[in-house]
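One structure is given below, encoded as structure tokens.
A short reminder: the numbers here are calculations on the coordinates, not readings from a lab. Small disclaimer: the values here were computed from a predicted structure and weren't measured. When we count neighbours, we look across all protein chains shown, and the Cβ atoms used for this are built from the backbone with ideal geometry, even at glycine.
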Amino acid sequence: MQKLTTPFIVLSAGMLLVAPWIINAAPYESTMGLVQKVFYFHFPVAILFLVSAIICGVNSARVLFWKNERADGWAVAAAELGFVLGALTLVTGPLWARKAWGVWWVWDARLTMSLVLFLTFAAYMLLRRYGGPGSDRLGAGMALFGMVNVPFIYVSVNVWRTLHPMTSVVPTLPTDMGIPLWFCFAAFTMLFVALLNLRATLEHQRTRLEALYLAQDEA
Amino acid sequence: MKIVLLLAMLMIPVTLAADLSTGAVASVEQPQPPAGFEAVDDIPPGEQIPAINIVAAAYGFVWLALLGYVWSLARRLKTVEAELGDLESRKR
């Protein structure tokens, strides 16, 4: 896995450099026009934002219920990436909305719950940074509730009043719009896997460093 | 017991979400959001805000944020590995 990190970063960076040309070649959407092209990178980062919450939650469960200390590194890595991807989602979305809806933000279920998930990641990171002893277990509990939010965020657009496109948009996408979308999705996913692996390595090295310092103090 | 508890935690939102998506809760008639995208060859008339600026700003922001994050990650990893190497060599 470690060996794949650098090739994944290089390949995804190359794909994301080419992406504007592929996105430019995609047809315009009939009602939103050019601004709908934000979709090609808003969708991948938003989905990976939700995937981060699931990875963080599952690894936190491994920490809480199975005392798997190594899983904590993966949970911290997913939380930090989730925070970054959440910020990207919450910036690209309103930019698209300003043109398509005429407003930057509406307090509908999808947007509000996404903001809550982003704030959960922010709280998790603050807790892990400044919470002191026991913050790992407290953070793990918080991450579980973050993960529980994910199915609601996903189906919210199909259930509650909103201006946000529904989940049926992606499966019914015309082929010439689907190609740029899945190209960008593949690039962002590769970058996500590489960054998650890199961030987890950093956390595992930090744990090792702390153990070495503790052993030195005891000696 | 732990697995049952975890599955229960996960199943509650999944079941609720499935229930909601069947329309069990949404009884008030509401305007429908876009259910699909329709492709056209030309930009539709009535473009008031130059959308190219918005698309470019959004993509530029994604690039800058990700580059910043990769740089920060590489810097932190380098610091920790240097400290680790130093500590291990002193231990020997």
Dipole of the range A:2-218 (Lys/Arg Cβ +1, Asp/Glu Cβ -1, origin at the Cα centre): which of A:PHE121, A:GLY139, A:SER168 lies farthest to the positive side? A:SER168
Sorted from fewest to most neighbouring beta carbons within 10 Å, what does the list A:ASP108, A:ASP176 look like? A:ASP176, A:ASP108
Give me the angle, in degrees from 0 to 90, between the Cα long axis of helix A:175-218 and the longest principal axis of the Cα atoms of chain A, rounded to the nearest 10. 10 degrees
Tilt relative to chain A, helix A:109-130 - C-alpha long axis, 0 to 90 degrees, to 10: 20 degrees
So what's the back-of-envelope 222 nm ellipticity for chain A, counting only DSSP H runs of four-plus at -39500 (n - 2.57) apiece and dividing by all residues, rounded to 500? -29000 deg cm²/dmol
Averaged over B:62-74, number of beta-carbon atoms from partner chains that fall within 10 Å: 5
Taking the radius of gyration and the Kirkwood hydrodynamic radius from Cα positions alone, what is the Rg/Rh ratio for the range B:51-92, to two decimal places? 1.44
Listed by chain and number, the lysines with an alpha carbon less than 25 angstrom from that of A:LYS99, same-chain partners under 8 positions apart left out, are A:LYS37
Apply the Karplus parameterisation 6.51 cos²θ - 1.76 cosθ + 1.60, with θ equal to phi minus 60°, to every residue of the range B:78-92 and state each ³J(HN,Hα) to the nearest whole Hz, in sequence, with x for glycine and proline. 5, 4, 5, 5, 5, 5, 5, x, 4, 5, 5, 5, 5, 5, 6
Could you please rank A:VAL150, B:VAL40, A:VAL91, placing first whichever residue has the fewest other Cβ atoms within 10 Å of its Cβ? B:VAL40, A:VAL91, A:VAL150
Would you mind getting the Kirkwood hydrodynamic radius of the range A:2-218 from its Cα pairs, rounded to one decimal in Å? 18.7 Å
Segments A:52-65, B:62-75 sorted - mean Cβ within 10 Å per residue, highest first: A:52-65, B:62-75
Can you tell me the orientation of helix A:135-159 relative to chain A, as the angle in degrees between its alpha-carbon axis and the longest Cα principal axis, to the nearest 10? 10 degrees
Shielding by partners, peptide A:114-121 (average Cβ within 10 angstrom, other chains): 0
Once a ≥ b ≥ c are taken as the square roots of the eigenvalues of the Cα gyration tensor of the range A:1-110, is the result rounded (a/c under 1.5), prolate (a/b larger than b/c) or oblate (a/b not larger than b/c)? oblate
Whole-Å distance linking the alpha carbon centroid of the range A:82-118 with that of the range A:1-44 is 19 Å
Using only alpha carbon pairs under 8 Å that are at least six residues apart, calculate the relative contact order of chain A and give it in whole percent. 35 percent
Quickly rank A:92-104, A:126-138, A:153-165 as a protection proxy: mean count of other C-beta atoms within 10 Å, highest first. A:153-165, A:92-104, A:126-138
Taking every residue of A:51-58, the Cβ atoms of other protein chains inside 10 Å of its Cβ average out to 1
